[in-house]
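Chemist: Once you've had a glance at the structure underneath, I'll fire off some questions.
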Amino acid sequence: MKRVTILGATGSIGQNTIDLIARDPDAYQVVALTGSGNIARLAADAIRLRAGLAVTADPARLQDLRDALAGSGVEAAAGPRALVEAASRPADWVMSAIVGAAGLAPGLAALEQGATLALANKESLVCAGSLVLATARANDARLLPVDSEHSAVFQALVGEDMSAVERIVITGSGGAFRDWPIEALEHATLAEASSHPNWDMGQRITIDSASMFNKGLELIETKEYFGVRPDQIETIIHPESLVHAIVGFRDGALMAHVGPPDMRHAIGYALHWPDRRHLPVARLDLAQVASLTFRAPDLTRYPALRLARAVMDRGGLSGAVFNAAKERALDAFIAGRIRFTDMAVVVEEVLTRFESEAGLIDAAMTLDNVTQTDHLARMRADQVMAERAG
Ligand code: NDP
Ligand code: MG
């Protein structure tokens, strides 16, 4: 029996992970499930999967969770410390699917106990790539990518030598607004930004797909995970979302990973790795697909890509600043306080202000420094937004 923990079990990735695990209940022992606001789902899944522990990130919801679990024998806990405690419980495989920088500390805790960490939480690598990789190495723990593009690259690299890799091409659908006139973007509504043409995902990553902040995070994730230079990483718009990534080798060969847009493929690959097992995803009918199209991304439409490139070049803690400012700007867009196009303006301004604060970006990459930088960048983002509003 494989002992598994799912961090962010109530979200889109978490639910897809549970879908796979629940198809073969005798193969898994569920150590812990975590969520935040969705107590009903967390409790129902914890009871159904006979989890040892259920944790909500929100301390104010502990009593609700206890009530929902009453008589089930599932232990209840709450708060950020309890999330880390859940991730520290001995497990063979931990899914990191909390959204945002909040996923970093629990992910590190899972690596510290030597578990294989299936990483959907790309923010961990963006904020603290070298720390995450060093923690995995120090504890002889395996880190497996779950982001569809990175799983695709990982699969294209099986049996290959990294020194033979010339470039990595990350595809992106272009999101909800890829065909909108650029002038219309500033009036884009929350509902419009929250619908994705191909993928069914959580709301935050869906909006990040429309702005391509998600692709920006993924560029940084690629650099950190695969250890390639920024100039070796390309992005291309691929509206069909069937080719997830392409690896180019020094002999000119391109290895593309092709499949339906269903996260259960990348999750299942990480769950069964190094084996390939049957997965309940659709099989592509290539004659019906007929054509695959690609086009270069327009950096005027997607300033997030330009900012992500600057962050890759800058290195240090600039990824933590970029991510935190983006999360805060996204909160404000969701709350209706800023416009869609303001998000990139706010992030750029926060990055600029950090450059003038000597030493901050170049501080050592420890969890404490990353956490402090994250807090400070959120404050700076709030300041920038307040100034712009006033
Ligand atoms: P969702 O918003 O659907 O789910 C997020 C999960 O995190 C939920 O379980 C939520 O709990 C929990 N959560 C929210 N806030 C906190 C917090 N402060 N502390 C702890 N837990 C919290 O997100 P997705 O599943 O879409 O994405 C999860 C991660 O996977 C993200 O990093 C995303 O970028 C990445 N990813 C997602 C893909 C997708 O297809 N969805 C594809 C590739 C990567 P609750 O719902 O109970 O409030
Ligand atoms: Mg992705």
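Chemist: List the GluC sites (Glu not before Pro) within the range 341-373 that fall in a DSSP loop (any state other than H, G, I, E or B) and whose Cβ has at most 14 other Cβ atoms within 10 Å.
Modeler: Passing both the DSSP loop test and the Cβ count: GLU357.
Chemist: Counting only trypsin sites (Lys or Arg not before Pro) that sit in a DSSP loop (anything but H, G, I, E, B) with at most 14 other Cβ atoms within 10 Å, what is the longest stretch of the chain containing none of them?
Modeler: Longest stretch, sites excluded: 51-249.
Chemist: Sticking with this one: What is the distance in Å between the Cα centres of the range 231-310 and the range 7-24?
Modeler: 22
Chemist: Where the centroid of each part is defined by its Cα atoms, how far is the range 51-78 from the range 204-229 in Å?
Modeler: One Cα centre to the other: 33 Å.
Chemist: Okay, moving on. Once you keep just the Cα pairs under 8 angstrom separated by 6 or more residues, what percentage relative contact order results for the chain?
Modeler: 14
Chemist: Same structure again: At a Förster radius of 30 Å, what calculated FRET efficiency corresponds to the Cβ-Cβ distance of THR352 and ARG295, to the nearest 0.05?
Modeler: 0.50
Chemist: Here is a further query. May I ask you to derive the FRET efficiency for ARG48 and GLN288 from their Cβ-Cβ distance with R0 = 25 Å, giving the value to the nearest 0.05?
Modeler: Efficiency at R0 = 25 Å is approximately 0.10.
Chemist: Would you list, by chain and number, the lysines whose Cα falls below 29 Å from the Cα of LYS2, excluding same-chain residues fewer than 8 positions away?
Modeler: List returned: LYS122.
Chemist: Mind checking the full-extension length gain between THR341 and ALA22? Use 0.36 nm per residue of separation minus the Cα-Cα distance, one decimal, nm.
Modeler: 110.7 nm
Chemist: Would you please name the chymotrypsin sites (Phe, Trp or Tyr not before Pro) within the range 270-339 that are DSSP coil residues with at most 14 other C-beta atoms within 10 Å of their C-beta?
Modeler: Those that pass, being in a loop and sparsely packed, are PHE294.
Chemist: State to the nearest 20 debye the size of the charge dipole of the chain about its Cα centre, where the only charges are +1 on K and R beta carbons and -1 on D and E beta carbons.
Modeler: Charge dipole, the chain, about its Cα centre: 500 debye, nearest 20.
Chemist: Subtracting the Cα-Cα distance from 0.36 nm times the residue separation, let me have the gained length for ALA386 to ASP231 in nm, one decimal.
Modeler: Going from the current span to full extension adds 52.2 nm.
Chemist: Report, in whole Å, the centroid distance computed from the Cα atoms of the range 148-181 and the range 93-147.
Modeler: The range 148-181 and the range 93-147 have Cα centres spaced 20 Å from each other.
Chemist: What distance in nm lies between label points placed 7 Å from Cα along the C-beta direction at ALA310 and SER194?
Modeler: Here the modelled spin labels are 3.0 nm apart.
Chemist: How are the C-alpha pair distances of the chain spread across 10 Å bins, as whole percents from the shortest bin up?
Modeler: 5, 23, 33, 27, 10, 1, 0
Chemist: Among GLN372, ALA32, ALA102, whose Cα sits farthest toward the positive end of the charge dipole of the chain (+1 at Cβ of Lys/Arg, -1 at Cβ of Asp/Glu, about the Cα centre)?
Modeler: ALA32
Chemist: Here's a follow-up. Report the full-extension gain for the segment ASP368 to ILE334: residue separation times 0.36 nm, less the Cα-Cα distance, to one decimal in nm.
Modeler: In short, 9.4 nm is gained.
Chemist: Find which of THR235, ILE267, LEU317 sits farthest along the positive direction of the dipole of the range 235-319, computed with +1 on the beta-carbon of Lys and Arg, -1 on that of Asp and Glu, about the Cα centre.
Modeler: LEU317
Chemist: Under a plain spin-label model, where a point goes 7 Å from the Cα along Cα-to-Cβ, how far apart in nm are ALA164 and ALA184?
Modeler: 4.6
Chemist: While we're looking at this one, here's another question. Treat each spin label as a single point 7 Å out from the Cα along the C-beta direction, and report the ARG81 to ALA60 distance in nm.
Modeler: For ARG81 paired with ALA60, the spin-label model returns 2.0 nm.
Chemist: Could you put SER96, SER173, SER163 in order, starting from the residue whose Cβ has the fewest other Cβ atoms within 10 Å?
Modeler: In increasing order of surrounding Cβ atoms, one gets SER163, SER173, SER96.
Chemist: With charges only on Cβ, +1 for K and R and -1 for D and E, what is the dipole size of the range 313-376 about its Cα centre, in debye, rounded to 20?
Modeler: The calculation lands at about 240 debye.
Chemist: Here's another thing I want to ask about it. Is any helix in the chain, taking whole DSSP H runs, at least 18 angstrom long along its axis by alpha carbon and on average at least 0.0 on the Kyte-Doolittle scale, and which ones?
Modeler: Going by DSSP H runs, the hits are 122-138, 318-334, 342-355.
Just so you know, all these numbers are worked out from the coordinates, no wet-lab data involved. Note that the structure is a prediction, hence the values are computed from the model and not measured. Reconstructed Cβ throughout: ideal geometry from the backbone, glycine too, with neighbour counts over all protein chains shown.
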